[in-house]
Amino acid sequence: MKTHILPAIKLTALCIIFLAVVYPISILAIAQLSPNQGKGDLIKHNNKTYYANIAQSFTSDKYFWSRPSSVDYNAAGSGGSNKGPSNEEYLKQVQARIDTFMMKNPGIAKSEIPADLVTASGSGLDPNISVQAAKIQAKRIAKNRNLYEREINNLIAEHTEKPLIGLFGPEKINVLKLNIALDQLSGK
């Protein structure tokens, strides 16, 4: 037994030094070399600072709506709802989101509504929506801002992020960046 205790203590000490000191310091050093020194993608708009990689709540008809959040857009506690697709409460929430969307966007069939506009992401903080989710909102936004739908669609095209090296992931649009550009376009 004595032959195993000393190596176990040494291994424990080595792991503590490496995992509690060396690794965190190396990650901090790498972060300092990145843009914004590891503080995230900061955006300043109207004297406020936002994180582009954390979802924001947009519910006004003159903005692109974000993906719903199961944590009320609270970054301190990200997480999904853990409700399955057969859960009655969950189905009622999704149906209420569909009804609200259809009321605010007349002329759109239920089957045309992208899933990302009525279901929350796994983290509840997804800052992006699909290109389809942005395009389906263009008519409502153009009407509420007295702009041409063509202008809104051009803005969507400009802010579409392509998949990583053209292969990994879908095309997506950061809602915060798109809405800031929308404010700049319409001068509001």
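Restricting segment 41-66 to residues that are more than 25 Å from L117 (Cβ to Cβ) and in contact with a strand residue (DSSP E or B) (Cβ under 9 Å, 6 or more places away or on another chain) leaves a set whose member that is most open to solvent (accessible area, probe 1.4 Å) is K44. Per this entry, L155 is counted among residues that are modelled with pLDDT of 90 or more and either in contact with a strand residue (DSSP E or B) (Cβ under 9 Å, 6 or more places away or on another chain) or at negative phi (or both).
Being in a loop (DSSP other than H, G, I, E, B) and of a type in the set (S, T, Y) is the filter; apply it to segment 62-117 and report the residue that is farthest from L178 (Cα to Cα). Top of the filtered list is S86.
Of all the criteria given as (1) surrounded by 12 or more Cβ atoms within 10 Å (Cβ to Cβ); (2) modelled with pLDDT of 90 or more; (3) under 21 Å from the mean Cα position of the chain (by Cα), the one not satisfied by V71 is (2).
Within the option set D61, D116, being in contact (Cβ under 8 Å) with a residue 60 or more places away in the chain, in the same structural domain as P170 (by the TED database) and not small (G, A, S) holds for one residue only, D61.
Right, G122: under 15 Å from the mean Cα position of the chain (by Cα) and either at positive phi or of a type in the set (D, E, K, R) (or both) or not? So G122 does not fit the description; no. If you go through segment 147-173 and keep only what is open to solvent by 10 Å² or more (accessible area, probe 1.4 Å) and touching a His at 6+ places or on another chain (Cβ under 7 Å), you end up with nothing.
For N105, the criteria (1) crowded, with 19+ Cβ neighbours inside 10 Å; (2) under 26 Å from T49 (Cβ atoms); (3) touching a Lys or Arg at 6+ places or on another chain (Cβ under 7 Å); (4) not β-branched (V, I, T) hold in every case but one, which is (2). Consider segment 88-101 and keep the residues that are within 20 Å of P114 (Cα to Cα) and of a type outside the set (A, V, I, L, M). The one that is surrounded by the fewest Cβ atoms within 10 Å (Cβ to Cβ) is K92.
The selection criterion, being touching a Leu at 6+ places or on another chain (Cβ under 9 Å) and surrounded by fewer than 17 Cβ atoms within 10 Å (Cβ to Cβ), does not hold for E112. Answer yes if at least one residue in segment 17-28 is over 30 Å from Q93 (Cα atoms) and assigned by the TED database to the domain that holds K139, and no otherwise. No, segment 17-28 contains no residue that is over 30 Å from Q93 (Cα atoms) and assigned by the TED database to the domain that holds K139. There is no residue in segment 27-38 that is within 23 Å of N179 (Cβ to Cβ), assigned to a loop (DSSP other than H, G, I, E, B) and open to solvent by less than 50 Å² (accessible area, probe 1.4 Å).
Checked against (1) among the small types (G, A, S); (2) touching a Pro at 6+ places or on another chain (Cβ under 6 Å); (3) over 23 Å from E171 (Cα atoms), S81 passes all but condition (2).
The values are calculated or read from the model by the stated rules, or taken from the named source; none is laboratory data. Computed from a predicted structure; not experimentally measured. Positions of Cβ are backbone-derived with ideal geometry, glycine not excepted, and every protein chain shown enters the neighbour counts. Keep in mind that these areas ignore ligands, DNA and RNA; they rest on the heavy atoms of the full protein, side chains included. Shrake-Rupley method; radii C 1.70, N 1.55, O 1.52, S 1.80 Å.
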